[in-house]
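Chemist: Input: one structure, supplied below.
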Amino acid sequence: MNKLTVFEMALLFALAEKYPVLYTHFDKIYVGERECTGMGQYVFLKYYDEKDIIPISEDILSVDKIIIMEGLEIEIGFVGNIENFKLVNLELFVYGSNDWDCVFQNFSLKDSKEL
């Protein structure tokens with residue numbers, strides 16, 4: 001079982017601002033696997049108790065935020081994917097490049113409307 005990183009928690013908090021029901025799930029999930037694709041990353045989430053569900057009707061959770069990394073000229077977007085009332089993964093995707101090593105250092109979240 002892998003704990004959520006500070007970076008992953010920041011993404012969850014950003015999603016929870018729009019979908020407050022997520023706040024109740026932060027302590028119910030852990031990272032099953034992280035997969036770097038070069039064009040993005042999947043953070044596959046697991047539940048400590050498989051009976052836990054999120055009472056939400058959306059399949060894709062999105063916000064108007066972009067991840068900015070110090071030293072990178074690319075911008076990174078993200079969404080949360082829901083299946084069977086569970087948050088199954090965080091999906092990160094790169095804008096403007098297909099060569100990213102999935103290293104997160106000195107990140108910030110910016111409102112995409114301000115860019």
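Chemist: If you scan segment 1-19, which residues turn out to be open to solvent by less than 80 Å² (accessible area, probe 1.4 Å) and either on the phi > 0 side of the Ramachandran plot or more than 14 Å from the chain's Cα centre (by Cα) (or both)?
Modeler: If the condition is that a residue be open to solvent by less than 80 Å² (accessible area, probe 1.4 Å) and either on the phi > 0 side of the Ramachandran plot or more than 14 Å from the chain's Cα centre (by Cα) (or both), then Asn2 is the only one that fits.
Chemist: Out of segment 66-92, which residues are within 27 Å of Tyr47 (Cα to Cα) and open to solvent by 60 Å² or more (accessible area, probe 1.4 Å)? Give the derivation first.
Modeler: Looking only at segment 66-92, we keep the residues that are within 27 Å of Tyr47 (Cα to Cα), and these are 66-67, 76-92.
Selection gives Glu83, Asn84, Phe85.
Chemist: Return the residues of segment 1-19 that are farther than 22 Å from Trp100 by Cβ, in contact (Cβ under 8 Å) with a residue 12 or more places away in the chain and part of a helix (DSSP H, G or I); say none if nothing qualifies.
Modeler: If the condition is that a residue be farther than 22 Å from Trp100 by Cβ, in contact (Cβ under 8 Å) with a residue 12 or more places away in the chain and part of a helix (DSSP H, G or I), then Glu17, Lys18 are the ones that fit.
Chemist: Scan segment 56-75 residue by residue and report those that are under 18 Å from Glu17 (Cβ atoms) and either touching a helix residue (DSSP H, G or I) at 6+ places or on another chain (Cβ under 7 Å) or among the aliphatic types (A, V, I, L, M) (or both).
Modeler: Ile56, Ile60, Leu61, Val63, Asp64, Lys65, Ile66, Ile67, Ile68
Chemist: Restricting attention to segment 20-32, report how many residues are within 13 Å of the chain's Cα centre (by Cα) and either outside any helix (DSSP H, G or I) or surrounded by 17 or more Cβ atoms within 10 Å (Cβ to Cβ) (or both).
Modeler: 4
The values are calculated or read from the model by the stated rules, or taken from the named source; none is laboratory data. Here the structure is a predicted model, which means the values were calculated and not measured. Please note: Cβ atoms are built from the backbone with ideal geometry, for glycine as well, and neighbour counts cover all protein chains shown. Ligands, DNA and RNA are stripped out before the accessible areas are found, and what is left, the full protein with its side chains, is counted by its heavy atoms. Shrake-Rupley method; radii C 1.70, N 1.55, O 1.52, S 1.80 Å.
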